[in-house]
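A short write-up of the structure that comes next.
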Amino acid sequence: MRFPESSSFQGKLLRWIKGSMGKAFRIAVNNPLLNSAAAWCGADPLLCRLHHQWVGRNFNPAKSLQENVGFSHREDVEAALSKVHGTLWSFACGNLEEGASILDLGSGTGLIAKRMSSRFKIVGIDISEELTRVARKENPQCEFHVGDFLSFECGSDFALIYSIGVLMYFPPSRLRLFFERAHEVLRPGGYLFLQYSHALKRSDLWFPDISSIKYSPAIVERCAAEFFKIEAHHHSFFEEKIVQDYDRDPFPMDSFVNGYLLIARRP
């Protein structure tokens with residue numbers, strides 16, 4: 001999702017930092033102390049924009065649509081993706097009428113939209129212009145937009161918003177706003193299906209990497225509960241597993257298996 005320019009000064013400052021200071025400096029300014037302080041004072045969107053990896057993302061035709069959105073074809077990743085996609089499909093088919101309007105938040109190359117559009121009307125939004133171009137080509141039956149979910153006017157009558165692996169790119173100080181915005185976009189009785197990377201160790205609670213945030217399920221649920229009725233909140237692969245602040249027994253590899261799922265309904 002694109003973070004809007006809050007001022008011409010900030011835009012010039014970002015371009016100067018990116019162009020002059022290089023990768024080493026960006027790594028130096030991505031640390032728990034700075035990120036937590038920025039989140040506390042509401043300055044973390046600036047850091048997120050500095051480290052954001054998807055704004056200028058180029059499509060690599062030598063890779064698959066799945067690899068272009070950051071997911072390998074490793075066996076564990078494939079199993080976890082299949083599980084989440086299957087859960088989403090079953091939930092949508094079991095709770096929505098055929099033809100219902102659905103928002104694909106973080107639509108990427110349109111992988112999920114391809115299947116979902118066989119039964120529902122899909123509107124996608126993503127921050128990457130190039131990936132959105134690919135999504136439009138792959139799914140001409142769907143509607144895709146480039147923009148920031150927090151500010152983009154995409155309507156207010158969706159029966160479902162689904163978002164898989166995208167919450168990590170929203171800065172901590174905007175987490176409550178994320179759920180407020182989802183509430184505005186959904187129709188009364190509409191659902192939010194949110195899969196996200198959750199905290200795997202205590203240090204994740206201090207945001208050690210602002211470019212890929214692993215949120216505490218307790219914090220996510222507290223923010224979501226202000227606007228939604230929580231229907232389910234559990235591990236996205238091991239459904240019986242419940243995590244509070246951080247996962248003390250995570251999957252041993254850096255994998256999509258390590259994820260959490262929130263299903264919530266707008267009153």
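The values are calculated or read from the model by the stated rules, or taken from the named source; none is laboratory data. In this text the structure is predicted, and so the values were computed from the model without any measurement. Note that we place each Cβ from the backbone using ideal geometry, even for glycine, and neighbour counts take in every protein chain shown.
Taking region 81-113 as the range and being under 18 Å from the mean Cα position of the chain (by Cα), of a type in the set (S, T, Y) and assigned to a helix (DSSP H, G or I) as the test, the residues that pass are S82, T87. Being in contact with a His (Cβ under 8 Å, 6 or more places away or on another chain) and closer than 19 Å to I213 by Cα is true of I127.
Restricting D254, D204 to residues that are outside any helix (DSSP H, G or I) and either over 19 Å from N30 (Cα atoms) or charged (D, E, K, R) (or both) narrows the list to D254. Listed by first and then second residue, the pairs with beta-carbon distance under 7 Å, at least 6 apart or on different chains, first residue in region 175-189 and within 11 Å of L105 (Cβ to Cβ) and at pLDDT 95 or above, second surrounded by fewer than 15 Cβ atoms within 10 Å (Cβ to Cβ) and among the hydroxyl-bearing types (S, T, Y), are V185/S156. I161 passes every criterion in (1) of a type in the set (A, V, I, L, M, F, W, C); (2) closer than 30 Å to L34 by Cα; (3) within 13 Å of the chain's Cα centre (by Cα) apart from (2).
Residue under question is C154, and the condition is that it be at pLDDT below 95, under 15 Å from the mean Cα position of the chain (by Cα) and crowded, with 17+ Cβ neighbours inside 10 Å; does it hold? No, not satisfied.
I need a count of the residues in region 34-45 that are in contact with a helix residue (DSSP H, G or I) (Cβ under 6 Å, 6 or more places away or on another chain) and assigned to a helix (DSSP H, G or I). Step through it out loud before you land on a result.
Start the filter on region 34-45 by keeping residues that are in contact with a helix residue (DSSP H, G or I) (Cβ under 6 Å, 6 or more places away or on another chain), which leaves 36, 38-39, 42, 44.
Add one more test, that the residue is assigned to a helix (DSSP H, G or I), and what stays is 36, 38-39, 44.
Going through region 34-45 one residue at a time, the tally reaches 4.
Looking across region 220-233, the residues that are touching a residue at least 40 places away in the same chain (Cβ under 8 Å) and crowded, with 16+ Cβ neighbours inside 10 Å come down to V220, E221, C223, A224, F227, F228.
In region 62-80, the qualifying residues are those that are in a loop (DSSP other than H, G, I, E, B), in contact (Cβ under 8 Å) with a residue 24 or more places away in the chain and surrounded by fewer than 16 Cβ atoms within 10 Å (Cβ to Cβ), and the one that is farthest from the chain's Cα centre (by Cα) is R74.
Only a single item in (1) in contact (Cβ under 8 Å) with a residue 40 or more places away in the chain; (2) among the hydrophobic types (A, V, I, L, M, F, W, C); (3) surrounded by 14 or more Cβ atoms within 10 Å (Cβ to Cβ); (4) not in a strand (DSSP E or B) is not met by L262, and it is number (4). A single member of S236, S197, S212 is among the polar types (S, T, N, Q) and surrounded by fewer than 19 Cβ atoms within 10 Å (Cβ to Cβ), and it is S212.
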